[in-house]
Structures are given as structure tokens and as C-alpha cells.
1. Once you charge only the Cβ atoms, +1 for Lys and Arg and -1 for Asp and Glu, what is the size of the charge dipole of chain A about its Cα centre, to the nearest 20 debye?
2. Which is farthest toward the positive dipole end of chain A among A:230, A:34, A:219, measuring Cα position about the Cα centre, with Cβ charges +1 (Lys, Arg) and -1 (Asp, Glu)?
3. With an 8 Å cut-off on Cα pairs and a minimum separation of 6 or more residues, tell me the relative contact order of the range A:56-152 in percent.
4. So what is the 222 nm mean residue ellipticity for chain A from helices alone, if each DSSP H run of at least 4 adds -39500 (n - 2.57) and you divide by all residues, rounding to the nearest 500 deg cm²/dmol?
5. Take peptide A:100-108, look around each residue's Cβ out to 10 angstrom, count Cβ atoms belonging to other protein chains, and average those counts.
6. Just want the ordering: A:138, A:89, from fewest to most Cβ atoms lying within 10 Å of their own Cβ.
7. Report ³J(HN,Hα) in whole Hz for each residue of the range B:163-175, in order, from the Karplus equation J = 6.51 cos²θ - 1.76 cosθ + 1.60 where θ = phi - 60°; Gly and Pro get x.
8. What relative contact order, as a whole-number percentage, does the range A:152-296 give when Cα pairs under 8 Å and 6 or more residues apart are counted?
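Bear in mind these aren't lab numbers, they're just calculated from the coordinates by the rules spelled out. None of the values given here were measured: they were computed from a predicted structure. Glycine also receives a Cβ, built like all others from the backbone with ideal geometry; neighbour counts cover every protein chain displayed.
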Amino acid sequence: MKFLFIGRSDLALDRDAHSRFLPWLIAFMVFLAVLALAGMLILKEVAARWDHGVSGTLSVQISPTEDPTNDEVRMGETLKILAATPEIERYEVIDDARMKGLLKPWLGDIEDMAELPLPQLVDVELKSGEHLDTTALEDRLAQKVDGVSVDDHQVWLERLVNLIRTVQGVATLILLFIAFATVGTVVFTTRTGLAIHREAIEVLHLIGAQDTYIAGQFSKRALMLGLKGGVFGLVLGVPTIASVGYLARRMDGFLLPSMQLQPEHWIGVGILPLLVAGIAMVTARATVMRTLARML
Amino acid sequence: MNLQSDEPIVRFENVGLRYGLGPEVLQDVNFSLQPSSFHFLIGESGAGKSSLLKLIYLAFKPSRGMISLFGRDIAMTPREDLPALRRKVGVVFQEFRLLNHLSTFDNVALPLRVAGTKESEVRKHVEELLAWVGLKDHMQARPPTLSGGQQQRVSIARAIIGRPRLLLADEPTGNVDDDMGFRLMHLFEELNRLGTSVVIATHNMHLVERLGHRQLRLENGHLNVREAVKPAQSTPSPAVSQKVKETAADRAPQTHPTPASVKKPIEDDFKGSAETFGDPASLENFL
């Protein structure tokens with residue numbers, strides 16, 4: 001039986017020992033690639049969401065004193081200065097009710113807010129695209145108001161985003177290494193194949209075979225082995241990322257917003273084995289063509 | 001056959017060949033082969049016969065000099081055009097060089113497949129030719145299971161399946177006895193009558209003297225041409241079929257001068273094929 005694109009082969013490539021281990025290597029590489037790609041896509045989403053959600057906002061904090069009237073005055077001064085700052089789109093004093101809600105997870109229900117030395121908070125939203133020099137704002141506020149500080153979340157956000165970017169970079173690097181390793185492995189197996197079948201290849205060559213004819217036999221073979229290994233790697237990898245995603249979702253999505261692949265990401269993951277098989281095919285072809293070019 | 005032009009099929013001018021930095025194994029080789037000619041290439045073992053053939057079938061580049069094949073200077077021919085030239089040259093390699101993992105059928109089909117012939121055509125031609133060389137019953141056999149003589153016929157079939165304009169045979173009689181040798185020679189002569197140029201490298205002087213034909217003699221790396229001892233067969237004429245049959249009939253007794261005891265194993269080798277192997281009618285059907 002002749003399968004659609006296996007076709008007939010003049011070289012006994014399927015009997016080579018190395019063609020039995022190539023699918024395994026490719027399976028492992030696709031498995032790792034699936035994990036790396038899934039991780040990269042998820043983190044990209046997470047980073048984008050955090051970055052978008054938090055940048056462009058800042059909070060102004062006024063530390064509490066014994067005197068509520070003083071606090072009121074200081075708040076009034078603060079709001080005046082904020083209102084005079086052109087970059088600011090909107091600001092909102094966080095009232096007791098919202099403060100209660102924010103503190104509830106930590107302190108439980110609070111009966112009387114006044115008993116707690118809580119700072120007063122103003123939530124500030126910048127005009128989109130505007131950049132505000134937070135230190136300058138802090139200086140201006142400090143001239144009029146005691147005990148005021150501006151927090152633009154940048155410190156922890158930057159670290160978090162940096163961490164994510166680094167992990168993302170590592171994942172990209174892993175994908176690149178996998179591509180290199182695939183190319184290297186296929187070059188090696190193809191060269192072995194060329195050496196084993198040298199006599200047959202020479203006969204084909206002398207009989208009048210074009211280089212592309214001979215290379216086609218190797219590249220077809222590499223494509224088939226690559227697909228075989230790639231599908232196997234995918235079969236291993238998909239349940240792995242699915243279960244990691246499941247475990248992450250059980251964490252209420254508090255720290256890990258949306259540890260889930262989007263449909264278009266699944267397509268990307270599904271394309272991986274095809275991509276790796278394609279790399280194997282092109283590599284095998286190039287290797288054979290380069291070797292044959294040395295013959296007359 | 002489109003051999004109407006008188007342009008030589010092969011032309012060597014001051015060709016020299018050396019391996020690496022070693023001495024030249026061929027020096028100042030000059031000759032040309034006309035269409036439909038028949039040549040013996042003779043010389044002692046190691047005189048460079050195989051090297052010369054390899055230059056013709058484009059396995060090597062000459063170290064110097066000019067080689068032209070079918071009117072094209074090899075040095076000026078782009079690499080991707082060489083396969084088309086190689087397909088016009090059929091080669092019977094000294095050690096056959098059959099692909100052991102392929103069946104007889106697939107081995108013979110190789111030149112057609114390499115040239116992109118349709119599979120239905122391949123089947124038709126290969127089956128016809130295998131029947132002609134008496135290997136119809138061995139189509140699915142792998143070469144290692146065949147006898148030396150059968151392998152030789154497979155390799156000849158592979159060399160001629162693509163209807164080459166030039167047939168090169170390197171010591172085709174090296175491993176067979178004289179009787180088989182003569183049979184092979186008649187096969188080559190018949191191909192030659194139908195228009196194929198033939199060059200046979202051999203050191204079997206007995207054969208060479210018996211058949212006549214032009215001789216290319218290699219000595220110390222130099223090539224000398226010696227004209228045919230007896231007139232070579234004339235070019236094919238409309239009456240060739242009849243003539244060939246007569247010739248074949250005439251020769252039949254001559255080729256079996258040996259006692260029955262010696263003849264026996266050869267007959268075995270040609271079992272079921274004796275009537276087709278030397279039968280020009282089936283050869284003509286094929287060509």
C-alpha cells in the first residue's frame with residue numbers, strides 16, 4: 001500500500017536504526033516546546049493585563065493624626081493640588097465603605113473605622129498616555145501637607161513585570177534551543193543516512209538522478225518521522241498544560257489572572273509539531289543537497 | 001533513433017586525470033566516438049580503463065583537457081544539466097552495483113523513475129525488458145538471491161532500460177566463462193545495430209580478437225586507437241531484422257563449441273531465457 005505522501009523510496013531509509021530514535025527525540029522536543037510556548041503565551045497575557053491594569057494609576061496616601069479635623073484639612077489641600085495637576089484625569093477619595101471592603105479579607109468586619117489609625121487614600125487615574133513625574137508631585141504635596149506620600153505601584157509592578165518578562169525570555173530561548181537541537185539532530189541523522197546509503201546514492205546519481213530527487217527521499221522520510229514524533233509530543237504535552245491550567249484556576253485567579261490558553265493559543269500549540277516536522281524536512285533536504293553538491 | 005548528425009557522441013581532447021597529487025593515470029588522451037560505433041577498451045589491469053569509463057559517465061572531472069558528451073563541453077555545462085546527459089549513457093558497472101534492498105524489478109526501473117517516467121509506463125517497459133533478458137520469473141527477487149549471471153543481466157537491463165545512446169560496460173565478461181561472454185557480446189552487438197554506441201572495457205583478448213571492432217588501447221596512461229581487424233557490421237538498414245536473425249542463427253552453433261559437460265551450468269543459468277535472450281525480434285519490440 002502506498003500512503004499518500006510516503007510514496008516509494010529507492011533507499012532503504014526506513015531500516016536505519018537512527019530513524020527509530022529520531023521520532024523519540026522529536027517527541028521530547030515537541031513536548032518541551034509545547035510547555036515553553038504555553039508558558040510564554042500565558043505569561044504574555046498576564047503581564048499585559050497587570051501592566052495595563054495598574055500603570056496609569058497611582059494612589060496618594062495621607063497618614064492619620066490624632067485630630068480628625070486636621071486630617072480633613074490636609075485632605076482638602078491635597079485634593080486642591082491634585083485638581084491643579086493637568087496630567088490627572090480623575091481622582092477619587094476612597095471612602096470608608098470601600099476601605100472596609102478592601103480590609104475585609106485581612107481584618108474581618110470592622111465595626112468602627114475611626115478606631116483604626118488608617119491612612120486616607122486617594123485613587124488617582126492619569127490621562128491615558130500621559131506621564132506624571134511622581135516625585136515632583138510628591139514634593140509639591142509635601143510643601144503643603146504633612147505626612148503625604150504618593151505610591152505609583154511602580155516598585156512592585158516593575159519587579160513583577162520584570163520577572164514575567166525574564167521567564168518569558170527564558171521560554172523563548174528554550175523554543176530557540178529546541179529549534180537548534182532539532183536542526184542539529186536531523187543534520188546528524190541525515191549525514192548518518194547519507195553515509196550508510198552512500199553506495200546507493202552514488203548509483204542513483206550516476207544513473208541520472210537530480211539532487212532534488214535524492215534529497216526528496218530523505219526529506220520525505222524526515223517529515224514523516226518528525227510528524228510521528230511531533231504528534232506524540234503533543235499528546236504528552238497537552239494534558240500537562242491542561243492540568244497545570246486546572247490547578248492554577250483553583251486558586252481563585254487571585255494572583256494568577258487567567259492561567260488559561262486562549263483558543264488562538266491552542267492553535268499555536270497545535271501547529272508546533274507541524275513546525276518541528278517542517279524544520280526536520282527542510283534541514284534534511286538542505287543537508288543532502290549540500291553533500292551532493294560536492295559530487296560532479 | 002535520432003542519430004542523423006555525424007557529431008561525435010564522446011570527444012576527449014588532451015585529457016589527463018590524476019587522483020589527488022599522485023601521478024597522472026591518464027595522459028593526453030585524445031579520441032572520439034561516433035554514433036552507432038562499437039569499441040573495445042583494452043589494456044592491462046590497472047591501465048586506467050575504469051578511470052576512462054568513469055570520465056565518460058561523469059563520475060569524475062578530468063584534471064585537465066576537454067571532454068564533450070553529446071556535443072556539450074562538460075566543463076561548461078551547469079551542474080543541473082548533467083543528470084540529463086547521464087541518462088543518455090547506460091553503464092554496466094564492473095561489480096554490477098545493484099541495490100540489494102530493491103527487487104529486480106525496482107532495480108531495473110530505477111533509471112526510468114529517476115527520469116520521472118509514469119509508473120504505468122515503467123511497469124510496461126521493465127516487464128518487457130525483464131522478459132527479454134529471461135528474468136521474468138525473478139522480478140520480485142532481490143539481487144543477493146540471484147546468481148552472478150542473473151545479476152549481470154539485471155545490471156545490463158538497468159543500463160539499457162532508458163534507451164541510452166551510449167552503453168558502457170566495464171569488464172562485463174570478467175566473472176563469466178567464455179560461452180556466457182560471447183552471449184553477452186552478441187547482446188551488445190544487437191543493441192549496437194539498433195543505433196546505440198557501445199564501449200566495452202575488457203582484458204579478454206580472446207573475445208576482442210574474435211569479434212573484431214575498433215580498439216581503444218590503454219598503455220601507460222596513453223590511449224591508442226586501433227582500427228577494426230575485420231569490417232564492423234554496417235549501420236542498420238530496413239532489412240536489418242532479417243539479417244540480424246540470420247546472423248544470430250549463424251552464430252548460435254559457434255557459441256556452443258564446448259562439451260556438454262561444460263555447457264550444462266550455463267544452460268541452467270539461462271533457463272527459460274535462451275530463446276529470448278539472443279532473440280533480436282524481442283529486442284526490437286522493446287526498442
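1. 3280 debye
2. A:219
3. This gives 52 percent for the range A:56-152.
4. -23500 deg cm²/dmol
5. 0
6. A:89, A:138
7. Per-residue couplings from phi come out as 6, x, 7, 9, 10, 10, 10, 9, 6, x, 9, x, 10 Hz.
8. About 42 percent, as a whole number.
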